[in-house]
Amino acid sequence: MCIGVEEEFHVLEVESGLLVPRADPILRRLPRRTFTSELHQSIVESNSGVHASLDDLYCDLARTRRRLDRAAASLGLAAVASGTAPLAPASSGQPTADARYHHMVEEYRQVADEQLICGAQVHVDIPDRDTAVRVMCEVSPWLPVLLALSASSPFWQGSDTGYASWRTMLWQRWPTAGPIGCFPSAAEYDAAVRDLVRAGIITDAGMIYYDIRPSEHLPTLELRICDACPRAETVVLVAGLFRALVTEALERLRQDDAPSCQGRHEWLRGAAWRAARSGLEGTLVDPETHRDAPAQQVVRKMLARLRPALESHGDWPTVSALTDEALAEGSAAERIRRTAREEDLLACVDLLIAETRGERRNRGSASLGRVNLPYSDASTTGPPFGSGAPEAIGL
């Protein structure tokens, strides 16, 4: 079961730390097969190759980030992987010259204007679209836990929001964002999407922004709930856990053809809100009991539940070590907030630039060797997920 990742990066001016609309000059220095534009000129997106192992995925992400960093640095800029940029004035939003994007800005106004946010999307192979739609329902209760692990956006336009993932709050304003309901088949799901298009709510299937969705052009299930992650290791952790969730759901469906969903999804939005508010530093909603519990306890429960699936892919040593590290060090949101308390927002920018580059500044962080993730220039395997297709563009 292969995996791939789409990452979004903020474009910052190194000197001031400000978000700036200068993606095009960076993209002119990069291969468009791997890198592409987004709704706003302050964001660059990368598409990984298709990988069977987490080691290979990490090498791909690390190499891609290094290549992006070189292109940005040559212009006095930096690329940062985080849900929001600490210093992002409203004037930094400048739409990319594209008819689709122009329509979105005109139709959705401030919702589109304020999409100065970045996410990380994970694709996992799935046998067919009918299976993908049924698996969506099975794994949805655990997605807020993945959001908590990725949370990296406590600041918005220079102010502390009190949230670990303010990006989630901004993102959920789209009419098709947030938890998705259950569908018995791909035909039912596709009919619902067509209804949204016919109603004029969205213009195309690429504007389905639910926390999880079947790809329109690839045999994959796509995770969309997560913030962009400063550390590539966090992306690898989320990817490993998501693949294990899908693997476990597939096994349950093989054993019992009827999905386990009871049709109660009203709590999922609240669970996502709690994860966005708390990250790893507070409580989460336990997907099995629907009650609040310490975040570390819920993460440990998920890890134990997924151990057989993780072992089946050879992912257990890496994912368990990365989970230990994440819980010991806390979320990226907490690292950013702590830096702001001890220094200032410019220091937060420096921290994010360093972590996106692969540097570590926190005491006691695990080395790459300890978590078994090699850094190399190994080439990718196969074409990037979504390369050349409209859906590769996150918006």
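The values are calculated or read from the model by the stated rules, or taken from the named source; none is laboratory data. The structure presented is a predicted model; accordingly, all values stated were derived computationally and were not measured. Glycine also receives a Cβ, built like all others from the backbone with ideal geometry; neighbour counts cover every protein chain displayed. Heavy atoms of the whole protein, side chains included, go into the accessibility calculation; ligands, DNA and RNA do not. Shrake-Rupley method; radii C 1.70, N 1.55, O 1.52, S 1.80 Å.
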Exercise. Only one of L245, L237 is in a helix (DSSP H, G or I), at pLDDT 95 or above and farther than 22 Å from F183 by Cα; which?
Worked result: L237
For this session: All but one of (1) closer than 20 Å to A81 by Cα; (2) in contact with an Asp or Glu (Cβ under 9 Å, 6 or more places away or on another chain) hold for L268, so report the exception by its number.
Result: (1)
For this session: Go through region 150-159 residue by residue and tally those that are touching a residue at least 12 places away in the same chain (Cβ under 8 Å), open to solvent by 10 Å² or more (accessible area, probe 1.4 Å) and not aromatic (F, W, Y).
Result: 2
Exercise. Mind checking which pairs have a first residue in region 160-174 that is outside any loop (DSSP other than H, G, I, E, B) and a second that is open to solvent by 30 Å² or more (accessible area, probe 1.4 Å) and among the hydrophobic types (A, V, I, L, M, F, W, C), Cβ under 7 Å, 6 or more apart or different chains?
Worked result: W166/W156
Seminar exercise, completed: Going through region 110-141 in order, the residues found to be over 18 Å from A228 (Cα atoms) and among the hydrophobic types (A, V, I, L, M, F, W, C) are V111, A112, I126, A132, V133, V135, M136, C137, V139
For this session: Kindly indicate whether E311 is modelled with pLDDT under 95 and among the charged types (D, E, K, R).
Result: no
Problem set entry | Check on S74, open to solvent by 60 Å² or more (accessible area, probe 1.4 Å), of a type in the set (S, T, Y) and modelled with pLDDT under 95 | no
Problem set entry | Residue tally, condition open to solvent by 10 Å² or more (accessible area, probe 1.4 Å), closer than 17 Å to A85 by Cβ and among the aliphatic types (A, V, I, L, M), over region 22-67 | 0
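So that you can scan it fast, the table gives a plain yes or no per residue for (1) open to solvent by 70 Å² or more (accessible area, probe 1.4 Å); (2) over 20 Å from A228 (Cβ atoms); (3) modelled with pLDDT under 95:
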| residue | (1), (2), (3) |
| --- | --- |
| A81 | no, no, no |
| S91 | yes, yes, yes |
| Q94 | yes, no, yes |
| D98 | no, yes, yes |
| E106 | yes, yes, yes |
Exercise. In the list V139, V133, which residue meets the criterion of being β-branched (V, I, T), within 30 Å of A328 (Cα to Cα) and either open to solvent by less than 10 Å² (accessible area, probe 1.4 Å) or in a strand (DSSP E or B) (or both)?
Worked result: V139
